[in-house]
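Every read-out reported here was derived from the displayed coordinates using simple, explicitly stated rules and does not represent laboratory data. Not measured: the values here are computed from a predicted model. Cβ placement follows ideal geometry from the backbone for every residue including glycine, while neighbour counts extend to all protein chains displayed.
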Amino acid sequence: MSIFARVSDIFKANVNDMLDRMEDPEKMVKQMIIEMEEALVKATSALAKAMANERNLRKQQENAVLQAKQWEDKAAMALKAGNADLAKQALSKKIVFDGQVKQYDAMTAQASSTTSQLRSQLDTLKMRLDEARMKQATLVARAQTAKTQKEFSTVMGSNVGQGAFAKFEKMEKKIEGMEAEAQAFSELSGDAPADDPFKDMEKDMQLEAEMAKLMEKMGGGAGA
């Protein structure tokens, strides 16, 4: 029964929890399938032995029944021959074999029940092993997906991952502060913005125009 208990433990185990702890899910699942197959072979061997034991008990039972019948026939022959003592001896032998028949009846019934139970359990194990084989690829894929998600969540939730983003934001704010500070210093110091060449050109043209007006005015005065 320990063979069936071993396979039953494998099927009852929390598969997801096992996959979460394993380093190589594909290798581990294959190993579990191998263990199930090995246990199934042992279980089949145990059933075969139980069936052989049942057949042996039935043969011994049949032999006891045959012996009891033969001694009963001998007792009848002795009585017909008028030998009562010999008939009693034959009947005493019959009684012994009748007792054996009753014992074999109980033993055969128990063996038959055990064989039937083992056969049912074996059929169940075969069915579960087939299911495990079909789920093998799915379990490996699920384990790999879960592992990837866990690694991603670990990175995003770790101090290293969060620290990098925090440092970037801190640096950005620091640069913005430096820019604001520089602008403030510039305003306080009264630094003029860079000269505009177009404004300088306008000033020159205006100055030339005023100069021409003045020269024209002065020239007109001298003539008068």
Between LEU86 and GLU38, how many nm apart are label points set 7 Å from Cα along the C-beta direction? 6.5 nm
Any chance you could run the full-extension gain for LYS135 through GLU176? It's 0.36 nm times the residue separation minus the Cα-Cα distance, nm to one decimal. 9.1 nm
Any idea what Rg and Dmax come out to for segment 90-133 if you just take the C-alpha atoms, in Å? 19.0, 63
Could you list, bin by bin from short to long, the percent of Cα-Cα pairs of segment 45-97 in 10 Å steps? 27, 31, 19, 14, 8, 1
Sites ARG119 and VAL65, calculated FRET efficiency, Cβ-Cβ separation with R0 30 Å, nearest 0.05: 0.70
Of LYS174/LYS199; LYS30/LYS147; LYS59/LYS80; LYS30/LYS126, pairs whose Cα-Cα distance is over 28 Å: LYS174/LYS199; LYS59/LYS80
Quick calc, MET51 & LYS102: beta-carbon distance into FRET formula, R0 25 Å, rounding 0.05, result 0.60
